[in-house]
Each structure stands twice: as structure tokens, then as C-alpha cells.
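Down below is the structure, laid out as C-alpha cells.
What follows draws every value from the coordinates through simple rules; no lab data is involved. None of the values given here were measured: they were computed from a predicted structure. For neighbour counting, all protein chains shown are included, and Cβ atoms are generated from backbone atoms with ideal geometry for every residue, glycine included.
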Amino acid sequence: MNGNAVHAKDIDLVARFYIASILHTAAPGTGSCCLAAAAAIPGTVPNRILAAEDLKAGKGGTLTFGHPSGTFSVRTEPVVEASPNDVTFKEVAYPRTARIICDGTIYVKNERPPRYAAWNEVDEITAESLFHEGDSVSIQK
């Protein structure tokens with residue numbers, strides 16, 4: 001999607017995720033964790049196509065796969081028992097970028113449509129009650 005090429009030497013496999021029959025443009029965390037967990041279990045379909053390394057041997061490691069937007073890496077640490085059906089995981093983890101979804105600022109319109117005329121003006125005390133104690137809140141009018 002960003003025009004950067006993904007080279008085979010930089011990934012372990014290629015994956016595509018479909019949600020409601022539509023190709024996902026990236027790698028959803030849930031599907032990525034499932035794929036990495038399956039790849040960490042010896043004998044599974046994704047495990048069989050891996051190069052001979054710790055991940056293929058069931059010792060865990062990082063699975064990096066290519067997808068339409070680039071690459072995604074998931075670290076796994078399986079606990080493999082005698083039976084492949086008895087695998088548990090100490091770790092299945094991936095990095096995420098953080099984006100601001102709330103910055104502690106409440107934006108209040110000075111002019112409201114007539115149907116909202118009964119609303120009271122939000123003051124700083126009311127606004128602060130919407131956040132946890134110690135959060136920084138500012139009112140912009």
C-alpha cells in the first residue's frame with residue numbers, strides 16, 4: 001500500500017486476511033496471533049513451510065509475515081508437550097503503534113441547534129467528572 005517492496009528474505013511467509021469476504025489491507029492482531037501460534041506448533045500447515053529455525057522446532061521465536069501493507073511480526077513462546085494437542089503459550093505478543101483517541105480536552109459548542117437549547121453549558125467541574133482523578137482536562141469554547 002505504501003509502495004515499498006517486501007522481499008522474501010525479510011519474511012517467513014505471506015499471509016492474507018479476509019473479513020466478511022473482503023481482503024483486509026493489513027494484518028489484524030487476532031488473526032496474526034492465531035497464525036503465529038499455529039506456526040510455532042510443529043507439524044501444522046504454517047509450521048511446515050518455515051525455514052529450519054527455532055520457531056519451526058517448536059522453541060518459539062518471531063514470525064514475520066508479509067501482507068498487503070508490508071510486514072508484521074509476532075513473537076511466540078510455546079510450551080510443547082508430548083502431544084501436539086497439549087500446546088500452551090507463555091507468550092504471544094506483537095508491537096502496536098499508539099494513537100491518541102482522547103486527549104483530555106472537551107470541545108463545547110457555544111451555539112447549539114434549537115433542539116438542544118435545554119442543555120446546560122458544560123462547566124469545568126462537570127467536564128472533569130468524566131475523567132479519572134489526576135487526569136489533565138481543559139475546556140475549549
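Tabulated results
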{"item": "Counted charge near residue 46, where neighbours are those whose Cβ lies closer than 14 Å (Asp, Glu -1; Lys, Arg +1)", "result": "+1"}
{"item": "Length released on extending from residue 16 to residue 77, taking residue separation times 0.36 nm less the Cα-Cα span", "result": "19.6 nm"}
{"item": "Packing-based exposure ordering (other Cβ within 10 Å, fewest first) of 86, 12", "result": "86, 12"}
